[in-house]
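Colleague: To start, I am sharing the structure in question, which I have written as structure tokens.
The values are calculated or read from the model by the stated rules, or taken from the named source; none is laboratory data. Since the model is a prediction, treat every value here as computed from it, not as a measurement. Cβ: placed from backbone, ideal geometry, glycine included. Neighbour counts: every protein chain shown.
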């Protein structure tokens, strides 16, 4: 049965409890693994325990994984919270090994790097499946913005990044995309389909990853029987789950259509996402294991 697509209003959301983050995540471990395009990719590993247990691969946004103060606060916060819930996390840095710092401004966008990113995700999957602390059949994919677009392109039924003959039980078992790029009929020619359960979270006022074309694409996919669940947060802008991010316009990232992105935390949307995402992952990575 197709998943219901529901519009979530702000009213009452602030009363929802946050999933408590663990006091401190396990120490980071920098690792490397081959992408399926042959590039040696950097990864940052946060282990949840001895396992074998579930794991989540992270796909960063257009600004890259590493900022001036180290790994971005958004990804670090999510890794700590998921570690606390029993998930190991592998953050994939698709940019640094390719000499890229940011691809947010149109002038800095590199289509070759963007096309390669789904191959990085399958490289990360293979790496995790070889680790003794990971259950190889309980791995999910999670991405933000351009990384959310990478999630869509990785999961596609006809994804060229997927290893030939990969058994469904050895593929990603679930995925989460926050305000994904490439989420439109124009960027997904022929429509979008995947057998892998997908949760997509969007901000109603997001002008960087616009709501309407993404909602139309995924509503059609869900109506066709694909396991897609869509959440739309009223009043929320891009980066609504980023902790402590003040609202601001980003003219330096003006799009080719002349749109100036707006980013900032939305406390109510963030609160809901912090509980909704672990519940979704548990349905496919934890409950399914019993």
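Colleague: Residue 181 fails exactly one of the following numbered conditions: (1) in contact with a helix residue (DSSP H, G or I) (Cβ under 8 Å, 6 or more places away or on another chain); (2) surrounded by fewer than 24 Cβ atoms within 10 Å (Cβ to Cβ); (3) in a loop (DSSP other than H, G, I, E, B). What is the number of that condition?
Modeller: (2)
Colleague: To continue, here is another question. Scan segment 65-105 for residues that are free of Cβ contacts under 8 Å to residues at least 40 places away in the same chain and more than 17 Å from the chain's Cα centre (by Cα) and jot them down.
Modeller: If the condition is that a residue be free of Cβ contacts under 8 Å to residues at least 40 places away in the same chain and more than 17 Å from the chain's Cα centre (by Cα), then 67, 68, 69, 70, 99, 100, 101 are the ones that fit.
Colleague: Starting from residues that are part of a loop (DSSP other than H, G, I, E, B) and touching a strand residue (DSSP E or B) at 6+ places or on another chain (Cβ under 9 Å), keep the ones in segment 162-178 and report whichever is nearest to residue 280 (Cα to Cα).
Modeller: The initial filter retains those residues of segment 162-178 that are part of a loop (DSSP other than H, G, I, E, B), namely 162-167, 171-173.
With the extra rule that they be touching a strand residue (DSSP E or B) at 6+ places or on another chain (Cβ under 9 Å), the set shrinks to 171-173.
Working: 171: 17, 172: 14, 173: 11 Å.
So the residue we want is 173.
Colleague: Next question, about the same structure. Return yes or no: is residue 197 within 17 Å of the chain's Cα centre (by Cα), over 21 Å from residue 36 (Cβ atoms) and surrounded by 17 or more Cβ atoms within 10 Å (Cβ to Cβ)?
Modeller: So residue 197 fits the description; yes.
Colleague: Could I ask something else about it? When only residues in segment 128-167 that are more than 18 Å from the chain's Cα centre (by Cα) and closer than 17 Å to residue 35 by Cα count, which is surrounded by the fewest Cβ atoms within 10 Å (Cβ to Cβ)?
Modeller: By that ranking, first place goes to 164.
Colleague: Next question. Name the single residue, out of those in segment 246-290 being under 19 Å from the mean Cα position of the chain (by Cα) and free of Cβ contacts under 8 Å to residues at least 40 places away in the same chain, that is surrounded by the most Cβ atoms within 10 Å (Cβ to Cβ).
Modeller: Looking at residues that are under 19 Å from the mean Cα position of the chain (by Cα) and free of Cβ contacts under 8 Å to residues at least 40 places away in the same chain, I get 270.
Colleague: Evaluate segment 268-288: report whether one residue or more is over 30 Å from residue 53 (Cα atoms) and either modelled with pLDDT of 95 or more or part of a strand (DSSP E or B) (or both).
Modeller: yes
Colleague: Within segment 126-136, does at least one residue satisfy the condition of being in a helix (DSSP H, G or I) and either touching a helix residue (DSSP H, G or I) at 6+ places or on another chain (Cβ under 6 Å) or within 23 Å of residue 280 (Cβ to Cβ) (or both)?
Modeller: yes
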